[in-house]
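Trainee: Structure below; questions to follow.
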Amino acid sequence: MAVDASFASPSADAKLALPIDADSVAGLLTRTLENATWWSISLTILLVCVAYDQFKYIYNKGSIVGPSWKAPFIGPFLESVYPKFEVYHAKWYSAPLSCVSVFHKFVVIASTRDMARRVFNAPAFVKPCVVDIAYKLLRPKNWVFLDGKEHVDYRKGLNGLFTRQALELYLPGQEEVYDKYFEKFVAITKENNGKPVQFMPVFRELQCAVSCRTFVGHYMSEEAVKKIADDYYLITAALELVNFPIIIPFTKTWYGKKAADMVLVEFSKCAAKSKVRMAAGGKPDSILDQWVCQMIASDKWRQKVASGEEVDQSEKPTPLLREFTDFEISMTLFTFLFASQDATSSACTWLFQIMADNPHFLDRVREENMRLRGGDRNKRFSMDLLESMVETRAMVKETLRYRPPVIMVPYIVKKDFPITDTYTAPKGSMVIPTTYPALHDPEAYPNPDTYDPDRWISGDADKQTKNWLVFGTGPHYCLGQTYAQLNLMAMLGKASMFLNWEHHPTELSEKIKVFATIFPQDDCFLSFGVRD
């Protein structure tokens, strides 16, 4: 049978097709738009954006644990306004990697010890970011946001501020503050007719005063220290993990920015004063003075070299520092305060509460401190004395393990980060290593939810270095970790000899409140008296 191959359907034959009338098409589009309202157009755009936001979250989530969908745009923002420790805890133990998405930020949570360490030790893929608003409060050029060699070089210039010799230099100033505030503790109790008072805010003020005295000596007035201590709440609130990403007047971030500006101005004034005093041959007694002296020594060495004078290389300061501006110094001191204020306030609060609840441990601290001072409780701090405190050190380290102040450390992903063989955190996302699970690992610390300082004396807790993430690890580990522990040991040792205190528990005393760091939910009700 012959087939007529020339046959074609009229609908498929271009020759037979009706001509397209451009005016008709335009008319159709015009009628469509005329029938559409701004509401329908807006709704269409909104639905497209919602679909895109949802698709992007599901795509970024991949195979890791997390909600199957997110609330459009804001995600769990409303839940995060008042963060609950129990929610964080459940998230950590849900999987080694889990996620949430809040506003524009996709967040990956690394919960296990090994996952957390992988993030801490991945400078090629991540860098510290705190939270988005931190760049505006701490300033984008702050050294903590530097990366690679630039960060390493800057950090080298700060290492000399935390040597054993330098730390001993700061002890008199710290003890001076403790003397003053221990008297204040007793006075507060008397003013309240012996009734218990929520001491967490007082401990925050104390630790702010200790930090400022250590960082800038007597260059800052007591009024300025009090102002910073009072307003630092605003900075902490602005730097919460989840906050509205834009600074709008009369919001947390707006008040935080104003407080941060004030702190930077005060530290800049101190830097200028230190430069004048150190250039005139003054004796250094603070971190600021030590740093300025290193700058002056570096400048003198450069001048000798530039003049053609023969200089022995052994005289070259190590590291050789440039001169930092007052504002650069101020930004760095602000990061020291940021690192220490909330963390040491948390540890201080838990330490006083735990010691009151366990008087047999406090008795051991008292006995040790009196014995090491030869029975003279007025003997002043020294590095030899602090380094001899076995019992006191154990109480502090166990407090830091049992109630680690910093439970999460946010990082920003610089480029796609293959955290595991099966999951890659996308560039621009936030990845957060957690410390709590590693510090409550029963394999490293038996009975981890029990406060047991003896694990640091007769046990092997000191050998669990991979789990000891209290101060982080990797290139951004905390510079002041030795200072922080010695500071808490000095405080506890002195308080044990000069004060009696009682904790008045409530049903919230053992429940954890998250406010940047962690505190007892009831803010720790205590009463103090003088120890004869």
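Trainee: Once the Cα atoms of the range 361-512 are picked out, what are the Rg and Dmax in Å?
Mentor: 18.9, 62
Trainee: Quick one: check the C-alpha center-to-center distance for the range 271-299 versus the range 124-160, whole angstrom.
Mentor: If you average the Cα positions of each part, the centres end up 24 Å apart.
Trainee: Let me ask something else about it. Counting only residues 5 or more places away or on other chains, whose amide H sits under 5 Å from the amide H of H503 once H atoms are built in the peptide plane?
Mentor: none
Trainee: Whole percent per 10 Å bin, from 0 to the bin with the longest distance: what is P(r) over all C-alpha pairs of the chain?
Mentor: Calculated over all Cα pairs of the chain, the distribution is 3, 15, 24, 23, 15, 7, 4, 3, 3, 2, 1, 0, 0 percent.
Trainee: Now, a different point. For a test of the definition: using alpha carbon positions, the gyration tensor, and the 1.5 limit on a/c, classify the range 451-532 as rounded, prolate or oblate.
Mentor: prolate
Trainee: Separation between the A124 and K463 pseudo-spin-labels, each 7 Å from Cα along Cα→Cβ, expressed in nm?
Mentor: 3.3
Trainee: While we're here: If I stretch the segment between N447 and H360 completely, what's the gain in nm (0.36 nm per residue apart, minus their alpha carbon distance), one decimal?
Mentor: Full extension of this stretch gives 29.4 nm more.
Trainee: Related question: Based on the Cβ-Cβ distance from Q521 to D153, what FRET efficiency comes out when R0 is 35 Å, to the nearest 0.05?
Mentor: 0.25
Trainee: Express the C-alpha Rg of the range 189-243 as a ratio against the empirical globular expectation 2.2 N^0.38 Å, rounded to two decimals.
Mentor: Compared with the compact-globule rule of thumb, the range 189-243 sits at 1.38.
Trainee: If you project the alpha carbons of the range 400-479 onto the principal axes, what extent comes out on each, in Å, largest first?
Mentor: 45, 30, 19
Trainee: Moving on to the next point. A 24 angstrom limit on the alpha carbon distance is what I want to check against. Which of K275/K494; K227/K273; K156/K513 exceed it?
Mentor: Beyond 24 Å: K275/K494; K156/K513.
Trainee: Moving on to the next point. Label Q481 and K56 with points 7 Å out from Cα along Cα→Cβ: what is the distance between them in nm?
Mentor: 3.7
Trainee: Quick one: divide the alpha-carbon radius of gyration of the range 45-138 by 2.2 N^0.38 Å and tell me what you get.
Mentor: This ratio for the range 45-138 stands at 1.18.
Trainee: Determine which aspartates and glutamates satisfy two conditions relative to K415: a Cα distance under 14 Å, and not lying fewer than 8 residues away in the same chain.
Mentor: D147
Trainee: Also: Expressed in nm to one decimal, what extension gain is obtained for the pair T318 and E183 from 0.36 nm per residue of sequence separation less their Cα-Cα distance?
Mentor: 44.4 nm
Trainee: Also, I was wondering about something else. If you average the C-alpha positions of the range 462-522 and of the range 396-435 separately, how far apart do those two centres end up, in angstrom?
Mentor: Measuring centre to centre over Cα atoms gives 20 Å.
Trainee: Which of the aspartates and glutamates could be linked to K316 by a straight reach, that is with a Cα gap under 16 Å, when you skip same-chain ones fewer than 8 residues away?
Mentor: Reachable aspartates and glutamates: D299.
Trainee: Can you tell me, using C-alpha contacts under 8 Å and at least 6 residues apart, the relative contact order of the chain as a whole percent?
Mentor: On the way: 727 pairs, mean separation 112.3, N = 532.
Result for the chain is 21 percent.
Trainee: Go through the range 460-532 and name the GluC sites (Glu not before Pro) that are in a DSSP coil and have 11 or fewer other Cβ atoms within 10 Å of their Cβ. Spell out each step's value before the answer.
Mentor: Values: sites: E502, E507, E510; in loops: E507, E510.
Here the sparse-neighbourhood loop sites are E507.
Trainee: Which pairs, out of K70/K91; K91/K257; K141/K427; K149/K257; K127/K511, put more than 24 Å between their alpha-carbon atoms?
Mentor: K91/K257; K149/K257; K127/K511
Trainee: With viscosity set to 0.890 mPa s at 25 °C, what whole-number translational diffusion coefficient in µm²/s follows for the range 314-420 from Stokes-Einstein and a Kirkwood radius over Cα pairs?
Mentor: Rounded to a whole number, D works out at 136 µm²/s.
Trainee: Give me the lysines in straight-line cross-link reach of K463: C-alpha distance below 20 Å, same-chain residues under 8 apart excluded.
Mentor: K397
Trainee: What FRET efficiency comes out for the pair M262/K283, r = Cβ-Cβ distance, R0 = 41 Å, nearest 0.05?
Mentor: Step by step, r from the Cβ atoms, then E = 0.90.
Trainee: Please work out the C-alpha center-to-center distance from the range 56-121 to the range 331-391 and express it in whole Å.
Mentor: 36
Trainee: Heavy atoms only, 1.4 Å probe, whole protein assembly: order C478, C129 by accessible area, highest first.
Mentor: In descending accessible area the options line up as C478, C129.
Trainee: Show me, for the range 216-228, the HN-Hα J-couplings you get by feeding each phi into the Karplus relation (A = 6.51, B = -1.76, C = 1.60, θ = phi - 60°), rounded to Hz, glycine and proline as x.
Mentor: The phi angles translate into 10, x, 9, 5, 9, 6, 5, 5, 5, 4, 4, 5, 5 Hz.
Trainee: Starting at the first residue of the range 491-507, write each ³J(HN,Hα) from the Karplus equation 6.51 cos²θ - 1.76 cosθ + 1.60 with θ = phi - 60°, in whole Hz, x for Gly and Pro.
Mentor: Computed from phi, the couplings for the range 491-507 are 4, 5, x, 5, 4, 4, 8, 10, 10, 10, 8, 10, 8, 10, x, 10, 5 Hz.
Trainee: A further question on this structure: Quick check: the angle from helix 252-279's long axis to the longest principal axis of the chain, C-alpha only, nearest 10 degrees?
Mentor: Once rounded, one gets 50 degrees.
Trainee: On each of the three principal axes of the Cα atoms of the range 212-318, give max minus min coordinate, whole Å, ordered largest first.
Mentor: 60, 30, 18
The values are calculated or read from the model by the stated rules, or taken from the named source; none is laboratory data. In this text the structure is predicted, and so the values were computed from the model without any measurement. As a convention, Cβ positions derive from the backbone with ideal geometry for all residues, glycine included, and neighbour counts pool all protein chains shown. Ligands, DNA and RNA are excluded from the accessible area calculation, which covers all protein heavy atoms including side chains. Shrake-Rupley method; radii C 1.70, N 1.55, O 1.52, S 1.80 Å.
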